[in-house]
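Written out below as C-alpha coordinates is the structure these notes cover.
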Amino acid sequence: MFDVWKVRADFPILTQKVNGKPLVYFDNAATSQKPQIVLDAISQYYSEINANIHRGVHKLSQLATDAYEQSREKIRNHINAEHAYEVLFTSGTTHGVNLVANGFASILKPGDEIMVSALEHHSNIVPWQMLCERTGAILKVIPMNLDGELIIDGFVKLLSEKTKIVAVNHISNALGTVNPIKFIIEKAHEAGAAVFIDGAQAVPHLKPDVQDLDCDFYAFSGHKICGPTGTGILYGKEEWLEKLPPYQGGGEMIKEVTFEKTTYAGLPHKFEAGTPHIEGGIVLGTAINYLNSVGFENIQKYEHELLEYGTNKLLEIDGLKIFGTSKDKTSVISFNLEGIHPYDVGAITDKMGIAVRTGHHCAQPIMNFFGIPGTVRASFTFYNTKEEIDALAAAVKKAQLMLA
Ligand code: PMP
(Lines give C-alpha, C1' and ligand atoms only; values in the text may rest on other atoms or scores of the structure.)
Protein backbone atom coordinates (compact mmCIF):
# COMPACT_ATOMS: atom_id res chain seq x y z
CA MET A 1 0.00 0.00 0.00
CA PHE A 2 1.26 3.46 -0.92
CA ASP A 3 1.70 5.59 2.20
CA VAL A 4 2.34 9.25 1.38
CA TRP A 5 3.39 10.08 4.95
CA LYS A 6 6.03 7.37 4.89
CA VAL A 7 7.32 8.72 1.56
CA ARG A 8 7.33 12.32 2.81
CA ALA A 9 9.64 11.29 5.64
CA ASP A 10 12.28 10.55 2.98
CA PHE A 11 12.44 14.25 1.99
CA PRO A 12 14.08 16.44 4.66
CA ILE A 13 13.23 19.70 2.87
CA LEU A 14 9.50 19.06 3.22
CA THR A 15 9.57 19.68 6.97
CA GLN A 16 10.66 23.29 6.41
CA LYS A 17 8.64 26.38 7.11
CA VAL A 18 8.53 29.11 4.49
CA ASN A 19 7.34 32.56 5.50
CA GLY A 20 6.31 31.03 8.81
CA LYS A 21 4.05 28.44 7.15
CA PRO A 22 4.71 24.74 6.42
CA LEU A 23 6.26 24.47 2.96
CA VAL A 24 3.86 23.26 0.28
CA TYR A 25 5.99 22.42 -2.73
CA PHE A 26 3.95 22.45 -5.93
CA ASP A 27 6.76 23.32 -8.36
CA ASN A 28 7.67 19.73 -9.11
CA ALA A 29 7.53 20.15 -12.88
CA ALA A 30 10.37 22.68 -12.57
CA THR A 31 12.47 20.45 -10.34
CA SER A 32 11.82 17.71 -7.81
CA GLN A 33 12.96 17.58 -4.21
CA LYS A 34 15.63 15.03 -3.21
CA PRO A 35 15.20 12.11 -0.81
CA GLN A 36 17.73 11.45 1.95
CA ILE A 37 19.09 8.42 0.11
CA VAL A 38 20.15 10.72 -2.76
CA LEU A 39 21.70 13.27 -0.39
CA ASP A 40 23.61 10.44 1.33
CA ALA A 41 24.82 9.05 -2.00
CA ILE A 42 26.28 12.47 -2.96
CA SER A 43 28.16 12.69 0.30
CA GLN A 44 29.24 9.05 0.11
CA TYR A 45 30.69 9.51 -3.36
CA TYR A 46 32.90 12.41 -2.26
CA SER A 47 33.87 10.87 1.08
CA GLU A 48 34.67 7.38 -0.26
CA ILE A 49 35.44 7.04 -3.98
CA ASN A 50 35.98 10.47 -5.54
CA ALA A 51 38.45 10.17 -8.46
CA ASN A 52 38.48 10.85 -12.17
CA ILE A 53 37.11 8.02 -14.26
CA HIS A 54 38.05 5.93 -17.30
CA ARG A 55 41.74 6.74 -17.26
CA GLY A 56 43.22 5.86 -13.88
CA VAL A 57 44.69 2.51 -12.96
CA HIS A 58 44.52 3.30 -9.27
CA LYS A 59 41.89 1.81 -6.99
CA LEU A 60 39.70 4.89 -6.45
CA SER A 61 39.56 5.61 -10.16
CA GLN A 62 38.45 2.03 -10.78
CA LEU A 63 35.79 2.27 -8.08
CA ALA A 64 34.46 5.55 -9.47
CA THR A 65 34.52 4.19 -13.05
CA ASP A 66 32.69 1.04 -12.00
CA ALA A 67 30.04 3.02 -10.13
CA TYR A 68 29.56 5.38 -13.10
CA GLU A 69 29.25 2.54 -15.60
CA GLN A 70 26.97 0.55 -13.27
CA SER A 71 24.71 3.58 -13.14
CA ARG A 72 24.65 3.75 -16.95
CA GLU A 73 23.61 0.08 -16.99
CA LYS A 74 20.91 0.75 -14.37
CA ILE A 75 19.52 3.55 -16.54
CA ARG A 76 19.72 1.36 -19.66
CA ASN A 77 17.61 -1.19 -17.86
CA HIS A 78 15.18 1.46 -16.62
CA ILE A 79 14.43 2.79 -20.12
CA ASN A 80 14.88 -0.61 -21.76
CA ALA A 81 17.58 0.50 -24.20
CA GLU A 82 19.17 -2.39 -26.05
CA HIS A 83 22.77 -1.37 -25.30
CA ALA A 84 24.39 0.61 -22.48
CA TYR A 85 26.46 2.50 -25.08
CA GLU A 86 23.23 3.98 -26.45
CA VAL A 87 22.77 5.73 -23.09
CA LEU A 88 24.74 8.99 -22.99
CA PHE A 89 25.26 11.05 -19.86
CA THR A 90 24.42 14.71 -20.46
CA SER A 91 23.89 17.78 -18.32
CA GLY A 92 20.15 17.66 -18.93
CA THR A 93 17.43 17.65 -21.56
CA THR A 94 18.66 20.92 -23.08
CA HIS A 95 22.10 19.38 -23.64
CA GLY A 96 20.46 16.34 -25.28
CA VAL A 97 18.45 18.45 -27.74
CA ASN A 98 21.49 20.55 -28.65
CA LEU A 99 23.67 17.48 -29.14
CA VAL A 100 21.23 15.96 -31.63
CA ALA A 101 20.38 19.24 -33.38
CA ASN A 102 24.08 19.98 -33.80
CA GLY A 103 24.65 16.51 -35.26
CA PHE A 104 21.88 16.97 -37.80
CA ALA A 105 23.74 19.99 -39.23
CA SER A 106 25.86 17.47 -41.11
CA ILE A 107 22.79 15.71 -42.53
CA LEU A 108 20.29 18.45 -43.48
CA LYS A 109 20.16 20.28 -46.80
CA PRO A 110 18.39 23.57 -47.60
CA GLY A 111 14.65 22.96 -47.97
CA ASP A 112 14.62 19.90 -45.67
CA GLU A 113 12.02 20.14 -42.93
CA ILE A 114 12.22 19.85 -39.15
CA MET A 115 8.95 19.39 -37.29
CA VAL A 116 8.30 20.48 -33.72
CA SER A 117 4.95 20.90 -32.00
CA ALA A 118 2.98 23.86 -30.69
CA LEU A 119 3.34 22.34 -27.21
CA GLU A 120 7.13 22.47 -26.89
CA HIS A 121 9.35 23.91 -24.18
CA HIS A 122 11.76 26.52 -25.58
CA SER A 123 14.59 24.01 -25.28
CA ASN A 124 12.90 21.84 -27.91
CA ILE A 125 12.31 24.82 -30.23
CA VAL A 126 15.34 27.10 -30.16
CA PRO A 127 18.08 24.52 -30.99
CA TRP A 128 16.03 23.45 -34.04
CA GLN A 129 15.59 27.08 -35.13
CA MET A 130 19.36 27.55 -34.80
CA LEU A 131 19.80 24.43 -36.92
CA CYS A 132 17.46 25.91 -39.56
CA GLU A 133 19.60 29.06 -39.62
CA ARG A 134 22.74 26.98 -40.13
CA THR A 135 21.41 24.64 -42.79
CA GLY A 136 18.57 26.38 -44.62
CA ALA A 137 16.10 23.79 -43.30
CA ILE A 138 12.53 24.87 -42.62
CA LEU A 139 10.71 24.59 -39.28
CA LYS A 140 7.17 23.20 -39.36
CA VAL A 141 4.87 23.24 -36.34
CA ILE A 142 2.27 20.60 -35.41
CA PRO A 143 -0.81 22.61 -34.38
CA MET A 144 -2.73 22.31 -31.09
CA ASN A 145 -6.38 22.69 -30.05
CA LEU A 146 -8.06 24.59 -27.22
CA ASP A 147 -7.78 21.59 -24.86
CA GLY A 148 -4.01 21.82 -25.26
CA GLU A 149 -3.77 18.67 -27.38
CA LEU A 150 -1.87 18.18 -30.60
CA ILE A 151 -4.02 18.08 -33.72
CA ILE A 152 -2.92 14.76 -35.11
CA ASP A 153 -4.53 15.19 -38.54
CA GLY A 154 -2.52 18.39 -38.85
CA PHE A 155 0.65 16.46 -38.05
CA VAL A 156 -0.06 13.78 -40.64
CA LYS A 157 -0.76 16.46 -43.27
CA LEU A 158 2.54 18.22 -42.56
CA LEU A 159 4.59 15.03 -42.97
CA SER A 160 6.34 14.51 -46.30
CA GLU A 161 9.54 13.12 -47.74
CA LYS A 162 11.08 16.51 -46.88
CA THR A 163 10.58 15.87 -43.14
CA LYS A 164 13.93 14.76 -41.74
CA ILE A 165 13.32 14.94 -38.01
CA VAL A 166 10.26 15.28 -35.79
CA ALA A 167 10.99 16.63 -32.30
CA VAL A 168 8.13 16.50 -29.80
CA ASN A 169 7.72 16.22 -26.08
CA HIS A 170 6.24 13.16 -24.46
CA ILE A 171 4.39 15.33 -21.92
CA SER A 172 3.92 19.10 -21.97
CA ASN A 173 5.49 20.98 -19.05
CA ALA A 174 3.09 23.91 -19.29
CA LEU A 175 -0.19 21.98 -19.52
CA GLY A 176 0.56 18.37 -18.59
CA THR A 177 -0.85 16.97 -21.86
CA VAL A 178 0.39 13.46 -22.68
CA ASN A 179 1.13 13.33 -26.41
CA PRO A 180 0.41 10.24 -28.54
CA ILE A 181 4.09 9.74 -29.25
CA LYS A 182 3.87 6.11 -30.28
CA PHE A 183 1.58 7.06 -33.16
CA ILE A 184 3.75 10.10 -34.01
CA ILE A 185 6.87 7.92 -34.10
CA GLU A 186 5.23 5.33 -36.32
CA LYS A 187 3.91 7.91 -38.83
CA ALA A 188 7.19 9.86 -38.88
CA HIS A 189 9.10 6.65 -39.58
CA GLU A 190 6.73 5.79 -42.44
CA ALA A 191 7.67 9.16 -43.94
CA GLY A 192 11.38 8.39 -43.44
CA ALA A 193 11.95 10.93 -40.63
CA ALA A 194 13.87 10.40 -37.40
CA VAL A 195 12.12 11.15 -34.10
CA PHE A 196 13.48 12.98 -31.08
CA ILE A 197 11.40 12.73 -27.90
CA ASP A 198 11.81 15.30 -25.12
CA GLY A 199 10.98 13.13 -22.12
CA ALA A 200 11.76 15.75 -19.43
CA GLN A 201 8.21 15.79 -18.08
CA ALA A 202 7.46 12.13 -18.69
CA VAL A 203 10.16 10.38 -16.65
CA PRO A 204 8.87 11.65 -13.28
CA HIS A 205 5.59 9.83 -14.00
CA LEU A 206 6.42 6.76 -16.06
CA LYS A 207 9.15 4.38 -17.20
CA PRO A 208 9.70 5.01 -20.91
CA ASP A 209 10.41 1.89 -22.96
CA VAL A 210 12.55 3.22 -25.79
CA GLN A 211 12.50 -0.05 -27.74
CA ASP A 212 8.75 -0.34 -27.56
CA LEU A 213 8.35 3.33 -28.54
CA ASP A 214 10.93 2.79 -31.30
CA CYS A 215 12.05 6.44 -30.95
CA ASP A 216 15.44 7.40 -32.37
CA PHE A 217 16.31 9.71 -29.46
CA TYR A 218 14.85 10.19 -25.98
CA ALA A 219 16.19 12.90 -23.64
CA PHE A 220 15.51 13.73 -20.01
CA SER A 221 16.91 15.59 -17.00
CA GLY A 222 17.99 14.02 -13.70
CA HIS A 223 16.86 16.90 -11.49
CA LYS A 224 13.19 16.29 -12.26
CA ILE A 225 13.40 12.70 -11.00
CA CYS A 226 14.93 13.22 -7.56
CA GLY A 227 18.49 13.35 -8.93
CA PRO A 228 21.08 16.14 -8.91
CA THR A 229 20.90 19.20 -11.19
CA GLY A 230 23.33 19.15 -14.10
CA THR A 231 22.59 15.51 -14.90
CA GLY A 232 20.62 13.98 -17.72
CA ILE A 233 20.40 11.24 -20.27
CA LEU A 234 20.23 11.15 -24.02
CA TYR A 235 19.24 7.79 -25.41
CA GLY A 236 20.05 7.37 -29.09
CA LYS A 237 19.68 4.35 -31.36
CA GLU A 238 23.09 2.93 -32.17
CA GLU A 239 22.75 3.55 -35.92
CA TRP A 240 21.99 7.24 -35.32
CA LEU A 241 24.72 7.77 -32.75
CA GLU A 242 27.19 6.17 -35.16
CA LYS A 243 26.00 8.45 -37.96
CA LEU A 244 26.09 11.75 -36.03
CA PRO A 245 29.40 13.59 -35.57
CA PRO A 246 30.67 14.35 -32.03
CA TYR A 247 29.15 17.40 -30.33
CA GLN A 248 32.20 18.56 -28.41
CA GLY A 249 35.89 17.76 -28.79
CA GLY A 250 38.28 17.13 -25.92
CA GLY A 251 39.62 14.45 -23.64
CA GLU A 252 37.82 11.10 -23.23
CA MET A 253 36.17 11.23 -26.67
CA ILE A 254 39.20 10.34 -28.79
CA LYS A 255 40.87 7.18 -30.01
CA GLU A 256 44.07 8.81 -31.25
CA VAL A 257 45.20 12.41 -31.58
CA THR A 258 47.92 13.74 -33.84
CA PHE A 259 48.22 17.24 -35.26
CA GLU A 260 47.39 15.80 -38.67
CA LYS A 261 44.24 13.91 -37.68
CA THR A 262 42.17 12.80 -34.71
CA THR A 263 40.09 9.66 -34.62
CA TYR A 264 37.17 9.36 -32.26
CA ALA A 265 36.39 6.86 -29.54
CA GLY A 266 33.47 4.48 -29.91
CA LEU A 267 30.09 4.91 -28.23
CA PRO A 268 29.27 6.27 -25.74
CA HIS A 269 32.59 8.09 -25.24
CA LYS A 270 32.47 9.85 -28.62
CA PHE A 271 29.74 12.06 -27.14
CA GLU A 272 31.16 12.42 -23.64
CA ALA A 273 34.09 14.83 -23.95
CA GLY A 274 35.83 16.03 -20.81
CA THR A 275 35.45 15.07 -17.17
CA PRO A 276 31.75 14.42 -16.69
CA HIS A 277 29.51 15.09 -13.69
CA ILE A 278 30.73 11.83 -12.14
CA GLU A 279 28.93 12.07 -8.83
CA GLY A 280 25.79 13.24 -10.64
CA GLY A 281 25.81 10.30 -13.03
CA ILE A 282 26.25 7.83 -10.17
CA VAL A 283 23.61 9.46 -8.00
CA LEU A 284 21.13 9.59 -10.88
CA GLY A 285 21.18 5.80 -10.66
CA THR A 286 20.41 6.03 -6.94
CA ALA A 287 17.50 8.40 -7.67
CA ILE A 288 16.07 6.02 -10.27
CA ASN A 289 16.34 3.14 -7.80
CA TYR A 290 14.48 5.25 -5.28
CA LEU A 291 11.63 6.01 -7.69
CA ASN A 292 11.37 2.34 -8.58
CA SER A 293 11.17 1.50 -4.88
CA VAL A 294 8.20 3.88 -4.54
CA GLY A 295 6.86 2.20 -7.69
CA PHE A 296 5.61 3.86 -10.87
CA GLU A 297 2.20 2.20 -10.58
CA ASN A 298 1.77 3.72 -7.13
CA ILE A 299 3.04 7.07 -8.37
CA GLN A 300 0.63 7.17 -11.31
CA LYS A 301 -2.40 6.07 -9.33
CA TYR A 302 -1.75 8.50 -6.50
CA GLU A 303 -0.89 11.45 -8.76
CA HIS A 304 -4.09 10.83 -10.71
CA GLU A 305 -6.07 11.08 -7.46
CA LEU A 306 -4.32 14.35 -6.65
CA LEU A 307 -5.02 15.70 -10.13
CA GLU A 308 -8.70 14.88 -9.88
CA TYR A 309 -8.99 16.25 -6.37
CA GLY A 310 -7.06 19.42 -7.24
CA THR A 311 -9.00 20.05 -10.45
CA ASN A 312 -12.36 19.78 -8.67
CA LYS A 313 -11.18 21.88 -5.74
CA LEU A 314 -9.79 24.70 -7.87
CA LEU A 315 -12.78 24.73 -10.22
CA GLU A 316 -14.98 25.57 -7.22
CA ILE A 317 -13.39 29.02 -7.35
CA ASP A 318 -15.44 31.48 -9.44
CA GLY A 319 -13.49 33.00 -12.32
CA LEU A 320 -10.76 30.34 -12.27
CA LYS A 321 -9.91 28.89 -15.66
CA ILE A 322 -7.72 25.85 -16.25
CA PHE A 323 -5.55 25.70 -19.35
CA GLY A 324 -4.82 22.17 -20.52
CA THR A 325 -8.01 20.14 -20.36
CA SER A 326 -6.98 17.00 -22.19
CA LYS A 327 -8.32 13.75 -20.73
CA ASP A 328 -4.82 12.39 -21.03
CA LYS A 329 -2.75 14.58 -18.74
CA THR A 330 -0.39 14.32 -15.78
CA SER A 331 -0.67 16.02 -12.40
CA VAL A 332 -0.20 19.59 -13.62
CA ILE A 333 -2.83 22.29 -13.21
CA SER A 334 -2.15 25.50 -15.12
CA PHE A 335 -4.69 28.19 -14.31
CA ASN A 336 -5.56 31.87 -14.13
CA LEU A 337 -7.98 33.97 -12.14
CA GLU A 338 -10.07 36.25 -14.29
CA GLY A 339 -8.66 39.78 -14.39
CA ILE A 340 -5.64 38.95 -12.18
CA HIS A 341 -2.03 38.61 -13.31
CA PRO A 342 -0.54 35.17 -12.51
CA TYR A 343 2.55 36.77 -10.88
CA ASP A 344 0.33 38.47 -8.32
CA VAL A 345 -1.31 35.17 -7.42
CA GLY A 346 2.12 33.50 -7.09
CA ALA A 347 3.42 36.27 -4.84
CA ILE A 348 0.49 35.83 -2.44
CA THR A 349 0.63 32.02 -2.36
CA ASP A 350 4.38 32.31 -1.62
CA LYS A 351 3.60 34.43 1.44
CA MET A 352 1.53 31.45 2.60
CA GLY A 353 4.41 28.99 2.14
CA ILE A 354 3.10 27.57 -1.14
CA ALA A 355 5.53 27.24 -4.04
CA VAL A 356 3.85 27.38 -7.45
CA ARG A 357 5.34 28.55 -10.72
CA THR A 358 4.02 31.62 -12.52
CA GLY A 359 4.83 32.87 -16.00
CA HIS A 360 5.18 31.35 -19.43
CA HIS A 361 6.94 28.17 -18.25
CA CYS A 362 9.48 28.45 -21.11
CA ALA A 363 6.61 27.82 -23.50
CA GLN A 364 5.73 31.27 -24.85
CA PRO A 365 4.07 29.93 -28.02
CA ILE A 366 1.49 28.12 -25.84
CA MET A 367 0.75 31.33 -23.93
CA ASN A 368 0.45 33.23 -27.25
CA PHE A 369 -1.95 30.57 -28.50
CA PHE A 370 -4.24 31.20 -25.52
CA GLY A 371 -3.62 34.97 -25.65
CA ILE A 372 -2.40 35.16 -22.05
CA PRO A 373 0.87 36.41 -20.50
CA GLY A 374 1.29 33.25 -18.46
CA THR A 375 -0.40 30.98 -15.95
CA VAL A 376 -0.10 29.86 -12.36
CA ARG A 377 1.12 26.27 -12.49
CA ALA A 378 0.71 23.82 -9.63
CA SER A 379 2.47 20.54 -10.40
CA PHE A 380 1.86 17.68 -7.98
CA THR A 381 3.99 14.66 -7.29
CA PHE A 382 3.85 11.54 -5.14
CA TYR A 383 4.95 13.30 -1.94
CA ASN A 384 2.17 15.91 -2.08
CA THR A 385 -1.09 15.56 -0.18
CA LYS A 386 -4.75 16.51 -0.51
CA GLU A 387 -4.34 18.71 2.59
CA GLU A 388 -1.72 20.69 0.67
CA ILE A 389 -4.16 21.10 -2.22
CA ASP A 390 -6.73 22.43 0.28
CA ALA A 391 -4.12 24.96 1.43
CA LEU A 392 -3.52 26.00 -2.21
CA ALA A 393 -7.23 26.45 -2.89
CA ALA A 394 -7.58 28.57 0.27
CA ALA A 395 -4.56 30.68 -0.74
CA VAL A 396 -5.90 31.22 -4.25
CA LYS A 397 -9.27 32.31 -2.85
CA LYS A 398 -7.47 34.72 -0.55
CA ALA A 399 -5.45 36.10 -3.47
CA GLN A 400 -8.67 36.63 -5.39
CA LEU A 401 -10.22 38.56 -2.51
CA MET A 402 -7.12 40.72 -2.11
CA LEU A 403 -6.54 41.42 -5.79
CA ALA A 404 -10.01 41.63 -7.30
N1 PMP B 1 11.67 20.08 -21.95
C2 PMP B 1 10.68 20.12 -21.06
C3 PMP B 1 9.33 19.58 -21.47
C4 PMP B 1 10.91 20.64 -19.79
O5 PMP B 1 9.92 20.69 -18.90
C6 PMP B 1 12.20 21.10 -19.45
C7 PMP B 1 12.49 21.69 -18.09
N8 PMP B 1 11.53 22.59 -17.63
C9 PMP B 1 13.20 21.03 -20.42
C10 PMP B 1 12.90 20.50 -21.64
C11 PMP B 1 14.58 21.51 -20.15
O12 PMP B 1 15.18 20.78 -19.15
P13 PMP B 1 16.56 21.23 -18.50
O14 PMP B 1 16.40 22.69 -18.17
O15 PMP B 1 16.68 20.37 -17.30
O16 PMP B 1 17.61 21.00 -19.53
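The values are calculated or read from the model by the stated rules, or taken from the named source; none is laboratory data. It should be emphasised that the depicted structure is a prediction, and the values quoted were computed from it without experimental measurement. Ideal geometry is used to build each Cβ from the backbone, glycine not excepted, and the neighbour counts take in all protein chains shown. When the accessible area is computed, the model is the full protein with side chains, heavy atoms only, and any ligands, DNA or RNA have been set aside. Shrake-Rupley method; radii C 1.70, N 1.55, O 1.52, S 1.80 Å.
Quick notes
- Condition met for G250 (in contact (Cβ under 8 Å) with a residue 12 or more places away in the chain, over 20 Å from the mean Cα position of the chain (by Cα) and assigned by TED's automatic domain parsing to the domain that holds T93): yes
- Filtered residues of the stretch 342-357 (kept if open to solvent by less than 10 Å² (accessible area, probe 1.4 Å) and touching a residue at least 40 places away in the same chain (Cβ under 8 Å)): V345, T349, G353, I354
- Of residues in the stretch 73-85 being in contact (Cβ under 8 Å) with a residue 40 or more places away in the chain and assigned to a helix (DSSP H, G or I), the one nearest to L213 (Cα to Cα): I79
- Candidates G339, G324, filtered to the one that is crowded, with 16+ Cβ neighbours inside 10 Å, out of contact with any helix residue (DSSP H, G or I) (no Cβ under 8 Å at 6 or more places or on another chain), touching a residue at least 24 places away in the same chain (Cβ under 8 Å) and not assigned by TED's automatic domain parsing to the domain that holds E149: G324
- Looking across the stretch 232-243, not a single residue is within 12 Å of the chain's Cα centre (by Cα) and away from the ligand (no atom under 14 Å from the Cβ).
- Residues of the stretch 145-159 that turn out to be under 22 Å from the mean Cα position of the chain (by Cα) and either buried (at least 17 other Cβ atoms within 10 Å of the Cβ) or closer than 16 Å to A191 by Cβ (or both), as a count: 3
- Subset of the stretch 99-122 (residues that are within 16 Å of the ligand (Cβ to nearest atom) and either surrounded by 22 or more Cβ atoms within 10 Å (Cβ to Cβ) or assigned to a loop (DSSP other than H, G, I, E, B) (or both)): L99, V100, A101, V116, S117, A118, L119, E120, H121
- Filter result for S331 (away from the ligand (no atom under 16 Å from the Cβ), of a type in the set (S, T, N, Q) and modelled with pLDDT of 95 or more): no
- Residues that are among the small types (G, A, S), assigned to a loop (DSSP other than H, G, I, E, B) and not assigned by TED's automatic domain parsing to the domain that holds W240 do not occur anywhere in the stretch 48-61.
- Considering the stretch 61-72, and only residues there that are free of Cβ contacts under 8 Å to residues at least 12 places away in the same chain and either open to solvent by 70 Å² or more (accessible area, probe 1.4 Å) or within 16 Å of G236 (Cβ to Cβ) (or both), the residue that is farthest from the ligand (Cβ to nearest atom) turns out to be Q62.
- Annotation for the stretch 304-317: no member residue is closer than 30 Å to A51 by Cα, of a type in the set (A, V, I, L, M, F, W, C) and at pLDDT 95 or above.
- Of all the numbered requirements in (1) surrounded by fewer than 21 Cβ atoms within 10 Å (Cβ to Cβ); (2) under 20 Å from P35 (Cα atoms); (3) among the aromatic types (F, W, Y), Y302 misses one, and that requirement is (1).
- I138 open to solvent by less than 50 Å² (accessible area, probe 1.4 Å) and modelled with pLDDT of 95 or more: no
- Within the stretch 222-231, the set of residues being within 11 Å of the ligand (Cβ to nearest atom) and either hydrophobic (A, V, I, L, M, F, W, C) or more than 9 Å from the chain's Cα centre (by Cα) (or both) comprises I225, G227, T229, G230, T231.
- Residue in the stretch 76-98 that is most open to solvent (accessible area, probe 1.4 Å), counting only those that are in contact with a helix residue (DSSP H, G or I) (Cβ under 8 Å, 6 or more places away or on another chain) and within 16 Å of the ligand (Cβ to nearest atom): T94
- Test: residue in the stretch 127-138 that is in a loop (DSSP other than H, G, I, E, B), within 16 Å of the ligand (Cβ to nearest atom) and not polar (S, T, N, Q): no
- Across the stretch 358-391, the qualifying residues are those that are assigned to a helix (DSSP H, G or I) and among the charged types (D, E, K, R), and the one among them that is least open to solvent (accessible area, probe 1.4 Å) is E388.
- If the condition is being under 25 Å from the mean Cα position of the chain (by Cα) and surrounded by fewer than 15 Cβ atoms within 10 Å (Cβ to Cβ), then the stretch 10-30 contributes P12, I13.
- Scope the stretch 165-221; condition within 11 Å of the ligand (Cβ to nearest atom) and acidic (D, E); matching residues: D198
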